[in-house]
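Below is one structure, written out as structure tokens, with a few remarks after it.
The values are calculated or read from the model by the stated rules, or taken from the named source; none is laboratory data. It should be emphasised that the depicted structure is a prediction, and the values quoted were computed from it without experimental measurement. Methodologically, a virtual Cβ is constructed for each residue, glycine included, from the backbone with ideal geometry; neighbour enumeration extends over all protein chains shown. Quick note on the areas: whole protein, heavy atoms, side chains included, nothing else; ligands and nucleic acids left out. Shrake-Rupley method; radii C 1.70, N 1.55, O 1.52, S 1.80 Å.
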Amino acid sequence: MDSSNVLVIGGGIAGLTTAHELSKLGVKVELVEKEPFLGGHAIQFTCKAIESCAKCGACMAEEKLNNVIHNENIKILTGANLNRISKNDRFHYNIQLNPDDKNQSKCTGYSSSADAVIMATGFEPFDPVKKPYGYRVFKNVITNLDLERMLKTNGIALKPSDGMPPSKIAFIQCVGSRDSKLNHLWCSKICCASALRMAHVIKSRKPETSVTFFYIDIQGSGKDFEALYQKAKEDFQMIRAIPGDIYKTEDDWLKINYFDNLSKASIEEVYDMVVLSVAMIPGSKTKELAEILGIIPCDTGFVGSCKNNGIAGSGGVFVAGTAGGPLSIAESITHAVKTAWDVAKYLKTRGR
Amino acid sequence: MKTLIIGSSPCAVNSAKELLESGNEILISLNKNEDSSAIDEFKAAGIDPAFILTDTNILSCRGCAGDFTILMASGGKTVSKKISGVIIAEEYEKKPNFAAYGLKPAPGVLPLSFLTGTGIYGINASKKIPHAGKIAFLTGLGYESNPVIAEEVMLASLKFQTDLNLQTYILTGNLKVAGNGLEKLYRETKTAGTVYFKFTDTSPRILQDNEGKVTIELVDEITRLNFRITPALTVVDEIISPSAYMKELAAVFGLHTGADGFLQSGNLHRTGIYTNRKGIFVAGPSRSILNVAGNITDSANAAILTSRIPDDNIKQEAKAEIKSGSCIRCLTCYRCCPYRAIDLDIRPSVMPDACEGCGICFAECPRGAISLNFPDNRNVADAIRRVSDIGKTSPLVIAFCCGRSAGRAKELAICMGYRLPQNLKVIEVPCSGFVSMEYVLSAFQNNADGVLVLTCHAGNCHSEDGNIFARRRVEQLKETFSQMNFEKERLEIKTLASNMGYEFAQITNMFENTLKVLGSGNLKILKVQK
Ligand SMILES: Cc1cc2nc3c(=O)[nH]c(=O)nc-3n(C[C@H](O)[C@H](O)[C@H](O)COP(=O)(O)OP(=O)(O)OC[C@H]3O[C@@H](n4cnc5c(N)ncnc54)[C@H](O)[C@@H]3O)c2cc1C
Ligand code: SF4
Ligand code: SF4
């Protein structure tokens, strides 16, 4: 399989992993990433260890990244966009390198070809502006992704309004997940454990912080999870309800309104910071790209294995990672390794 | 190049198929508990039973990836096989949760796999399934279930509702829908008429009379109304756990197991199907609870990784070597090597292909009989000596950093522009388990005002326990320091992950401040007893 080329679109955990696995089989890989950096979402995450590793998987991104840089079988193009691709036995494509990439003074193009294409374009976080929670209206309403970045740069949570640590935080789960009104009939799988871990980190560094969770069902399983969840039930207020609107009080707190089953009454409670655990949704350009490549997305909008979409490498197009549906980092990795295996088999059938 | 596959799970069958189809050699080993249906599974996948050894137990495994010698008891005989890699894909056990719900098996009380295993319309099942009355499923009550069981419950309930027109109830705590298509399935069951009772602050009262009939009294937490259900059939979910044979295999292969007993420790460096031993992989039901797609994914992972042994793209790491003259055969190295890289013959020796160069054995050997040879002649002792050559303006901090975590965190800290102590000298080591007491003392002797050992977080050491060894040594030294009236605050051990640039800066700066308060320090001792 010496010189066959594979194009990997997307340099997140999944793209990096497939590229690395294929490179080990001697396959030449080109990896295009639209952002100026590699690692996708996971590279922006914070470590959630408190003395012991919390098994969040975030540091795997660093490791995967180190595997592909300086790899002679992998050509990396960051700040690059695929702007044309067509198939005539092989795939022929054109890549545009962005001028803001530090090595590039102006837009340049680049043409190449490949035997197989891997869509590793990942997910997008749901934009909670569509929900009545005041995101981008109230400064202290942030998303779980914002909190990841905040913890990564500051070590503790800080209110965007005044840069002070919050004293009372509410996490709202399933924002944009498990939502029939939005036709988002999926669970994003990772947000429960991820938010619980971040809350534990915040509480361990500032024990006086009070934390409340609003949820439908807490997801996660396994022994490590049982311990994590048990501690959450001890340390946090866990409320099985999805809040209505959020309002701002006169003294700049956030008022959350929810229906309490126990007292059968509507209850109002105030917090000084609210974290929205937003859904993983299909990338806005996923559909378009899938169509160009000749594959049909599922009704969820992801391009994973669902009935009747006929992907499975037919015609040389493959999917790796969360482009196919919500996955954790660990799952994205095994999924991407499997994709590498499928691609290798495909190349063999083509005598490459 | 021959791969040994242990087990007859769908994941094992699929791994065998993938490997054969891609032109690799295989051998399948089934233990005595497997019946002929196991062989049928392989046959159905087009695999020649000639590849299968039945009634076989693994006795021992020597050697390293690409060159294992595996001894097995097969049908009363002992056989030895040359194997390049191993895939363990033994099926897990399912035990019905009767006791947890205070129930006894009865005609109207069945375990979940009775429905799913024999098929809900299987000949066996159809005889026992009632044709009238209500069906209650008990799942994830008082413990946290998982998406695989949740899917089985929801599929069964959907069948009852739609095909048999029976009213179903699902009684649960947190409904685990974190799997592909499960939220959709959940909606489908609700549309079909399944009623869910989810319990958070109350629990149902489950009663069973002498004839085995079940009555359930509960509060619907949404409406706070009381209900009483007398189901014609009560289906009880199952607890999934590793099998006894899996535990045996862990011992034979020297694999670290997780808190749940499966054949993988929770260590992130084993993400996927890796174990602490190169060339030995653990897939599907032997490592986790996975759905059908997850098991197929694992078998593809197993196929790609075993067909590539020996992995020629592994970068050349440091290798340990035992100087035979000094070795007193105490077997400390054998016990502490996390990768099982020490071969025991007349005397212990290091198998270079299995050694990952962590250096734990080097630091632990009581005779100093082990050296760690770096491909680039890097020498930590020299690095420590070189550090002392600088003029002092602020406290000299020598930080031993694990190359996988703290070393990367330092780079990130620099990249993010955080201020680091002026006189911070970083010495990167392959694993903090390599930092011997001698190294720490030699750092002090070379004028360090303070020494930091920066390791991975507990549970995230690539060498499993390297950080624990390091901590033990540091604590012992601190103890000695205080007996000698030397400030023990000058030595600290802290944990970091590779992505903790901010914390790297924070820890080193705080340490520098401590040293500034303590003033200049001087430790001149030569040897400390181990
Ligand atoms: C808030 C939050 C917290 C999380 N926490 C955890 C956690 O604690 N543990 C865990 O296991 N998982 C967690 N996850 C899930 C984790 O983020 C994913 O599993 C992982 O990032 C998936 O990797 P990926 O490569 O599939 O996708 P991505 O990370 O989305 O990477 C895709 C890459 O493709 C690029 N790309 C997209 N389109 C194109 C294009 N057309 N051309 C070129 N490049 C393109 C993108 O720029 C991106 O770099 C979390 C997710 C969220 C949202
Ligand atoms: S897995 Fe997560 S918690 Fe554990 S060390 Fe890595 S980043 Fe930290
Ligand atoms: S250096 Fe580590 S891996 Fe190598 S033999 Fe010693 S303990 Fe084992």
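Can you pull out the residues in region A:158-175 that are in contact (Cβ under 8 Å) with a residue 60 or more places away in the chain and surrounded by fewer than 22 Cβ atoms within 10 Å (Cβ to Cβ)? Explain how you work it out, then say what you get.
Step one: list which residues in region A:158-175 are in contact (Cβ under 8 Å) with a residue 60 or more places away in the chain, which gives A:159, A:161, A:166-175.
Result: A:LYS159, A:SER161, A:SER167, A:LYS168.
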For the condition open to solvent by 60 Å² or more (accessible area, probe 1.4 Å), at the interface with another protein chain (Cβ under 10 Å from one of its Cβ atoms) and either closer than 30 Å to A:ASP224 by Cα or part of a strand (DSSP E or B) (or both), what is the one hit in A:ASN83, A:ASN66?
A:ASN66
Restricting to region A:209-231, give me the number of residues that are more than 10 Å from chain B (Cβ to nearest Cβ), open to solvent by 10 Å² or more (accessible area, probe 1.4 Å) and of a type in the set (Ser, Thr, Tyr).
1
What pairs come up if the first residue lies in region A:72-100 and is at positive phi, the second is among the charged types (D, E, K, R) and within 12 Å of ligand 1 (Cβ to nearest atom), and their beta carbons are under 9 Å apart, counting only those six or more places apart or on different chains?
A:GLY79/A:GLU33; A:GLY79/A:LYS34; A:GLY79/A:GLU35
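Could you list, in sequence order, the residues of region A:64-85 that are touching a Leu at 6+ places or on another chain (Cβ under 9 Å) and either of a type outside the set (S, T, N, Q) or within 16 Å of ligand 3 (Cβ to nearest atom) (or both)?
Residues satisfying the conditions are A:LYS64, A:LEU65, A:VAL68, A:ILE69, A:ILE74, A:LYS75, A:ILE76, A:LEU77, A:GLY79, A:ALA80, A:LEU82, A:ILE85.
Go through the residues of region B:466-485 one by one and say whether even a single one is in a loop (DSSP other than H, G, I, E, B) and more than 14 Å from every other protein chain (Cβ to nearest Cβ).
Of region B:466-485, the ones in a loop (DSSP other than H, G, I, E, B) are B:484-485.
Applying the additional criterion that residues be more than 14 Å from every other protein chain (Cβ to nearest Cβ) yields B:484-485.
Yes, the conditions are met somewhere in region B:466-485.
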Which of the residues belonging to region B:322-343 are touching a residue at least 24 places away in the same chain (Cβ under 8 Å) and buried (at least 16 other Cβ atoms within 10 Å of the Cβ)?
B:ILE322, B:CYS327, B:THR332, B:CYS333, B:CYS336, B:CYS337, B:PRO338, B:TYR339, B:ARG340, B:ALA341
Looking only at region A:165-197, filter to residues that are part of a loop (DSSP other than H, G, I, E, B) and within 18 Å of A:THR209 (Cα to Cα); which one of those is farthest from the other protein chains (Cβ to nearest Cβ)?
A:SER167
Counted residues, region A:21-45 - those being more than 9 Å from every other protein chain (Cβ to nearest Cβ), in contact (Cβ under 8 Å) with a residue 60 or more places away in the chain and closer than 18 Å to A:LYS348 by Cα
2
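Might you let me know whether region A:45-62 holds any residue that is open to solvent by 40 Å² or more (accessible area, probe 1.4 Å), on the phi < 0 side of the Ramachandran plot and not hydroxyl-bearing (Ser, Thr, Tyr)?
Going residue by residue through region A:45-62, those that are open to solvent by 40 Å² or more (accessible area, probe 1.4 Å) are A:50-52, A:55.
Filter once more, keeping what is on the phi < 0 side of the Ramachandran plot: A:50, A:52.
Right, trim to not hydroxyl-bearing (Ser, Thr, Tyr) and you get A:50.
Within region A:45-62, one or more residues are open to solvent by 40 Å² or more (accessible area, probe 1.4 Å), on the phi < 0 side of the Ramachandran plot and not hydroxyl-bearing (Ser, Thr, Tyr).
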Pick from region B:170-197, criterion open to solvent by 30 Å² or more (accessible area, probe 1.4 Å) and touching a strand residue (DSSP E or B) at 6+ places or on another chain (Cβ under 6 Å), ranking: farthest from the other protein chains (Cβ to nearest Cβ):
B:VAL195
Would you say A:PHE138 is in contact (Cβ under 8 Å) with a residue 40 or more places away in the chain and surrounded by 23 or more Cβ atoms within 10 Å (Cβ to Cβ)?
no
Could you list, in sequence order, all residues of region A:306-326 that are among the aliphatic types (A, V, I, L, M), modelled with pLDDT under 95, within 16 Å of ligand 1 (Cβ to nearest atom) and in a loop (DSSP other than H, G, I, E, B)?
A:ILE311
Quick one: in region A:46-61, of everything that is under 13 Å from A:SER332 (Cβ atoms) and either over 16 Å from the mean Cα position of the chain (by Cα) or within 7 Å of chain B (Cβ to nearest Cβ) (or both), which residue is farthest from ligand 1 (Cβ to nearest atom)?
A:MET60
What are the pairs with Cβ atoms under 6 angstrom where one residue, in region B:442-461, is over 21 Å from B:LYS516 (Cβ atoms) and the other, located anywhere, is within 16 Å of ligand 3 (Cβ to nearest atom)? Sequence gap at least six, or different chains.
B:THR455/B:CYS402; B:THR455/B:SER432; B:THR455/B:ASN467; B:THR455/B:ALA470; B:CYS456/B:CYS402; B:CYS456/B:ASN467; B:CYS461/B:ASN467
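Output the residues belonging to region A:53-64 that are more than 6 Å from ligand 2 (Cβ to nearest atom) and more than 16 Å from B:CYS402 (Cα to Cα).
To start, the set of residues in region A:53-64 that are more than 6 Å from ligand 2 (Cβ to nearest atom) comprises A:60-64.
Listed by number, the residues that qualify are A:ALA61, A:LYS64.
Taking into account only those residues within region B:222-247 that are assigned to a loop (DSSP other than H, G, I, E, B) and hydrophobic (A, V, I, L, M, F, W, C), which is least open to solvent (accessible area, probe 1.4 Å)?
Going through region B:222-247, the residues assigned to a loop (DSSP other than H, G, I, E, B) turn out to be B:222-224, B:230-232, B:237, B:242-243.
Now restrict to residues that are hydrophobic (A, V, I, L, M, F, W, C): B:222, B:232.
Numbers: B:ILE222: 117, B:ALA232: 38 Å².
Only one residue fits best here, namely B:ALA232.
Report yes if A:ALA199 is closer than 19 Å to A:ILE246 by Cβ and within 16 Å of ligand 2 (Cβ to nearest atom), otherwise no. Please lay out each step first, then the result.
Working: closer than 19 Å to A:ILE246 by Cβ: yes; within 16 Å of ligand 2 (Cβ to nearest atom): yes.
Judged against the criteria, A:ALA199 is a match.
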A:PHE126 passes all but one of the listed conditions (1) away from chain B (no Cβ under 14 Å); (2) under 18 Å from A:THR46 (Cα atoms); the exception is number (2)
Close pairs from region B:354-369: first in the same structural domain as B:ARG340 (by TED's automatic domain parsing), partner within 16 Å of ligand 2 (Cβ to nearest atom) and assigned to a helix (DSSP H, G or I), Cβ under 8 Å, at least 6 apart
B:CYS358/B:GLY466; B:ILE360/B:GLY466
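Answer yes or no as to whether B:CYS461 is of a type outside the set (Val, Ile, Thr) and within 16 Å of ligand 3 (Cβ to nearest atom).
Numbers: of a type outside the set (Val, Ile, Thr): yes; within 16 Å of ligand 3 (Cβ to nearest atom): yes.
Taking the combined requirement at face value, the residue satisfies it.
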